[in-house]
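Accompanying notes for the structure given below.
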Amino acid sequence: MIQNFILKPKTYLSFQRINYELNNTEIILLEDLLYNEYFEKLIPIPPNEYINYRNTYDTAIPSNTIDYSNKYNTDALYNSSEINMNCIKEHDKKLSLNFWKKGRKLATNIRKNGLDNTYDIFEFQKNNKCSWEIFRQLLKREGIIRTIVDIRDILVQQYKKLTGEGYDIFRIIKQENKINNFNHLNSGTDIDVVITIHNYYLTVLDFFILSKHFGIDAIILTGSGNLKVNGTKKCSWLTDKNYCYIIYSASWSLPNQLPNYGIISKNDDIQIPISDLKSRNIYQEMTEKNIDTLNDFITMANNPVKKKMKLKLGRVIHTETKKTTKKLGKKLTLGT
């Protein structure tokens, strides 16, 4: 064995007993036989139809493949009549309809007055395209089938018509913190270029113009901060219909940034009965400054409610040695 190990490089030493397990179709051959003419007259039996192919994983070049394109057709997305469910972030949040009143400093019993476990919010993703989906959701509930491209085209037509009639609505766009859009429009950029699905998001003015075009009654509420268009927490345009739509909003303070949006629903229906709002004694306050025409809207925007400031008055008492200040129990309120 030592001689074999030294003289035959492919031989290794083994000092242990080796037990072989052979099947009926197996044999043991000496290695020396394999180096000679053992395989020359043997005919291999191909067990597989692909045995003649010599391609490996690294060298194979498939001749057939599935056709695909690296270009996406946006018409399939924007011209669809179906609601893009990817825009809906959450739909099971409960909300009191008193959430917007006087900030959030309400007594517990008053805050819960508007909540009967049937009000939910369809909260939308915070991106420009989804703001168009919000209005399309309202149209769909009205039985009006439009794509967001259709809605965008109608809004552009309405803007061109109103500006042609002399309405100064670009200023309201700036007032609603869409500074970049205003700067482009004010510099003469065409409305078609500025108002696009990706670069423009809907705010109160847009919702109002589109609602009036399609005959939709709506209320927009905000829970944090105030609406830029009127300085309050609410804006409504209701007629004599027995239902309306309520759009929830928040975070209006940052320029060029889309607010948070959602649609309030009751029993999985976004049409809120007016009688339901009246039964909770919140209808009158929510609609106390209801507007009807664009002139009403512009007048409201020209006269926003100013934030009230409170100052404490003090009485200064002069003596020969020192000055002291005594606070009086009175407050002075500035603003309207």
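For the residues Ser224, Ser275, Ser265, Ser236, the requirement of being under 21 Å from the mean Cα position of the chain (by Cα) and outside any loop (DSSP other than H, G, I, E, B) singles out Ser265. When region 173-203 is filtered for residues that are in a helix (DSSP H, G or I) and closer than 20 Å to Cys235 by Cβ, the ones remaining, listed by number, are Ile173, Lys174, Gln175, Asn181, Phe182. Could you grab me the full set of residues in region 140-177 that are touching a Leu at 6+ places or on another chain (Cβ under 8 Å), farther than 27 Å from Leu254 by Cα, β-branched (Val, Ile, Thr) and at pLDDT below 95? Ile145 - this is the single residue of region 140-177 that is touching a Leu at 6+ places or on another chain (Cβ under 8 Å), farther than 27 Å from Leu254 by Cα, β-branched (Val, Ile, Thr) and at pLDDT below 95. Just one of the listed residues (Asp190, Asp240, Asp206) is of a type in the set (D, E, K, R), more than 18 Å from Glu288 (Cα to Cα) and free of Cβ contacts under 8 Å to residues at least 40 places away in the same chain, namely Asp190.
For the subset of region 158-213 comprising residues that are of a type in the set (A, V, I, L, M, F, W, C) and touching an Asp or Glu at 6+ places or on another chain (Cβ under 7 Å), which member is surrounded by the most Cβ atoms within 10 Å (Cβ to Cβ)? Can you show your working first?
Within region 158-213, the subset of a type in the set (A, V, I, L, M, F, W, C) is 162, 169-170, 172-173, 179, 182, 185, 191, 193-195, 197, 202, 204-205, 207-210.
If we keep only those that are touching an Asp or Glu at 6+ places or on another chain (Cβ under 7 Å) as well, we get 204-205.
Values: Val204: 26, Leu205: 22.
Taking the candidates together, the pick is Val204.
Is it the case that some residue within region 280-301 is within 21 Å of Asn128 (Cβ to Cβ) and surrounded by fewer than 19 Cβ atoms within 10 Å (Cβ to Cβ)? First the steps, then the outcome.
Taking region 280-301 as the starting set, the residues that turn out to be within 21 Å of Asn128 (Cβ to Cβ) are none.
No, because not a single residue in region 280-301 is within 21 Å of Asn128 (Cβ to Cβ) and surrounded by fewer than 19 Cβ atoms within 10 Å (Cβ to Cβ).
Name every residue in region 239-258 that is part of a loop (DSSP other than H, G, I, E, B), at negative phi and at pLDDT 90 or above, in order of residue number. Before the answer, list the steps.
Keep residues of region 239-258 that are part of a loop (DSSP other than H, G, I, E, B), which gives 239-242, 251-258.
The next check asks that each one be at negative phi; those that pass are 239-242, 252-255, 257-258.
Thr239, Asp240, Lys241, Asn242, Pro255, Gln257, Leu258 - these are the residues of region 239-258 that are part of a loop (DSSP other than H, G, I, E, B), at negative phi and at pLDDT 90 or above.
When region 128-172 is filtered for residues that are of a type outside the set (Val, Ile, Thr), within 14 Å of Phe214 (Cα to Cα), under 24 Å from the mean Cα position of the chain (by Cα) and part of a helix (DSSP H, G or I), the ones remaining, listed by number, are Phe135, Arg136, Gln137, Leu138, Leu139, Lys140, Arg141, Asp150, Arg152, Asp153, Leu155.
The values are calculated or read from the model by the stated rules, or taken from the named source; none is laboratory data. These numbers were taken from a predicted model, which means no experiment stands behind them. As a convention, Cβ positions derive from the backbone with ideal geometry for all residues, glycine included, and neighbour counts pool all protein chains shown.
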